[in-house]
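Here is the structure we will look at, set down as structure tokens.
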Amino acid sequence: MAGAPPARSGRPGGTLAGRTDRGRRVLAAGAAATALACVPGAPATARPATATPHVAAPRLVPEPSSVRAVPGVTFTLTRATRIVARPGSGTAGTYLAGILRRSTGYRLPVVAGGAAHDVISLALSGREQGEAYRLAVSRTSVRLEAGTAEGLFRGVQTLRQLLPPAVEASTVQRGPWTVPGVRVEDSPRFAWRGTMLDVARHFFTVGQVERYIDLAALYKINTLHLHLSDDQGWRIAIDGWPRLASYGGSTEVGGGKGGYYTQADYTRIVRYAAERYITVVPEIDGPGHTNAALASYARFNCDDKAPPLYTGTDVGFSSWCIAKPVTYELLDDVLGRLARLTPGPYLHIGGDEAHSTTAADYATYIGRIGPIVTAHGKKMAGWNEIGAGRLPAGSVAQYWNTATGSESGTRTVREAVAQGAKVVMSPANRAYLDMKYDENTRLGQDWAGLVEVRDAYDWDPASLVDGVTEKDVLGVEAPLWSETIVTDDDIDYMAFPRLPAIAEIGWSPRAARAWSDFRLRLAAQGPRWSALSVNYYRSPQVPWPMTAS
Ligand code: TNX
């Protein structure tokens, strides 16, 4: 999907629609200020809202390609409203009905056709492709159209954000359930908009992963990268190698009891994600980050001695035995099994921080694992270091180093691009959700620096690394490493608000993104997170409404 951003309405210097849009922004700023903004730096030029007094102007994250307010028009959802989900509309209708049922108490029927009044209609059309959608809110209907079910699902996320924040509550709330009149035309800038969960350093249950999937879906994230193995834990049961999970998965950082997914558990996660049009990318890290596996079977080790399990947080001390055939027998079984369990096109083979593997061995390893991935019908993804080895066609290199901090990072990512690989951008000093926000953040690390919300937002994937341009970039991903992350509250605190910032970088046209506007739209998400019981970081950079605290 990467390419020149489409011509936009609603931007300074734009057309008539642009002026409408600026009006909308003024309204939005006014609403933020009058909702008792409690942070210094909140907009000082509040003007009274005149057009639609009781309905907030749309404040959406990620910002769509085009939003046009229809002044004076609102749609109000009642218990008589029906959801018309035309054939081919996938899970979008039932997903929406489920959300609306909890908070409105209305059991809105999801039907395949019928009258055009008092409906939310979801329909496929020939006008859009992929994840693109268009949404039109009039007095009598909400009409959502897309070329695919996936596009309709993305459009449903926009509709959620047009409803009042209380729509996200898990218990019945009082309405009115009013949506502002609006016309949205939207499509993503990048095809890969991901987040990674490290389930190896601390294990997270299926339910915890599903909860994270739902929160990510709200921001149109479409890729969930699961870091399934590391020094501290192996988290997926593999036929024929039972000790990987039963022993290698038996602990975690700090010495807790760890855990692992059965293949049925993993399949549940994959299906849950697929119902939200999120593709799972499983990662088995190597040749470094392999202590849990090496501890599970003595014969994986060059000296035939199994090291003890590891519960600390050091990196770079373990390596597969590159010369041993059993290493590749194991990887063939593991990657073959994951390939069969995973409908998505990618297997992630890690490849980072292999400080205990020689450069020659590293290149040998990448040269051997690529054909294994390909033989199982998948494309290979790996951290940027994989560029130092030979990559199969269609590979993806995930750039994680900081832009200025690592020459080897920029070298290897360029080597990957020179081999035809695409790049997923996860620069640690921008996109890592485990970096502290400031020096007082209780959780997280700071080796890549402190990452406040503005740092997470104010960069562009197509101009970060010299020699890696828009056409090379497949997308962005926000990884959440879990050395210090234990609970749902911990996940929430580090991911919100930075995950939505990265999600917007991945979705919105470059020209639509400005921090001064984003911080206002982000502020409007606060009450939504409160309704969802998301434990978010109240960044002083964002003018949160008082009621959200
Ligand atoms: C570096 S980034 C790692 C991980 C750590 C992370 C902590 C990368 C590919 N490797 O092993 O968990 O830093 O921030």
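Observations on the model:
- Subset of region 415-454 that is within 16 Å of the ligand (Cβ to nearest atom) and at positive phi - its residue that is surrounded by the fewest Cβ atoms within 10 Å (Cβ to Cβ): Gly449
- Residue, least open to solvent (accessible area, probe 1.4 Å), within region 347-367, restricted to residues that are farther than 20 Å from Lys422 by Cα and part of a helix (DSSP H, G or I): Tyr365
- Residues of region 419-440 that are of a type in the set (A, V, I, L, M) and either without any contact (Cβ under 8 Å) to a residue 12 or more places away in the chain or in contact with an Asp or Glu (Cβ under 6 Å, 6 or more places away or on another chain) (or both): Val423, Val424.
- Qualifying residues in region 504-523 (those that are surrounded by fewer than 24 Cβ atoms within 10 Å (Cβ to Cβ) and aliphatic (A, V, I, L, M)) - the one nearest to Trp544 (Cα to Cα): Leu520
- Residue among Tyr261, Tyr277 that alone is under 24 Å from the mean Cα position of the chain (by Cα) and on the phi > 0 side of the Ramachandran plot: Tyr277
- Put simply, of Arg299, Arg340 the only residue that is in contact with a helix residue (DSSP H, G or I) (Cβ under 8 Å, 6 or more places away or on another chain) and on the phi < 0 side of the Ramachandran plot is Arg299.
- Top-ranked residue of region 335-346 - restricted to ones that are in contact (Cβ under 8 Å) with a residue 40 or more places away in the chain and open to solvent by less than 20 Å² (accessible area, probe 1.4 Å), ranked as farthest from the ligand (Cβ to nearest atom): Gly336
- Evaluated against (1) more than 16 Å from the ligand (Cβ to nearest atom); (2) at pLDDT 95 or above; (3) not basic (Lys, Arg), Met546 falls short on exactly one condition, (2).
- Taking the conditions (1) in contact (Cβ under 8 Å) with a residue 40 or more places away in the chain; (2) of a type outside the set (S, T, N, Q); (3) more than 26 Å from Arg189 (Cα to Cα) in turn, Arg538 satisfies each one other than (1).
- Test: residue in region 155-166 that is open to solvent by 40 Å² or more (accessible area, probe 1.4 Å), assigned to a loop (DSSP other than H, G, I, E, B) and in contact with a helix residue (DSSP H, G or I) (Cβ under 7 Å, 6 or more places away or on another chain): no
- Test for Thr311: is it out of contact with any Leu (no Cβ under 8 Å at 6 or more places or on another chain), open to solvent by less than 10 Å² (accessible area, probe 1.4 Å) and touching a residue at least 60 places away in the same chain (Cβ under 8 Å): no
- The one condition from (1) more than 18 Å from Tyr328 (Cα to Cα); (2) within 12 Å of the ligand (Cβ to nearest atom); (3) at pLDDT 95 or above that Gly350 does not meet is (1).
- Note on region 55-108: residues that are on the phi < 0 side of the Ramachandran plot, of a type outside the set (Ser, Thr, Tyr) and part of a strand (DSSP E or B) total 12.
- Residue in region 409-420 that is closer than 28 Å to Asp490 by Cβ and in contact with a helix residue (DSSP H, G or I) (Cβ under 7 Å, 6 or more places away or on another chain) present: yes
- Residue satisfying condition, being over 23 Å from the mean Cα position of the chain (by Cα), crowded, with 21+ Cβ neighbours inside 10 Å and at pLDDT 95 or above, within set Pro188, Pro109, Pro180, Pro176: Pro180
- Lone unmet requirement of (1) more than 16 Å from the ligand (Cβ to nearest atom); (2) over 27 Å from the mean Cα position of the chain (by Cα); (3) open to solvent by 10 Å² or more (accessible area, probe 1.4 Å) for Gly377: (2)
The values are calculated or read from the model by the stated rules, or taken from the named source; none is laboratory data. In this text, all values refer to a predicted model and were calculated from it rather than measured experimentally. When we count neighbours, we look across all protein chains shown, and the Cβ atoms used for this are built from the backbone with ideal geometry, even at glycine. With ligands, DNA and RNA removed, areas are computed over all heavy atoms of the protein, side chains included. Shrake-Rupley method; radii C 1.70, N 1.55, O 1.52, S 1.80 Å.
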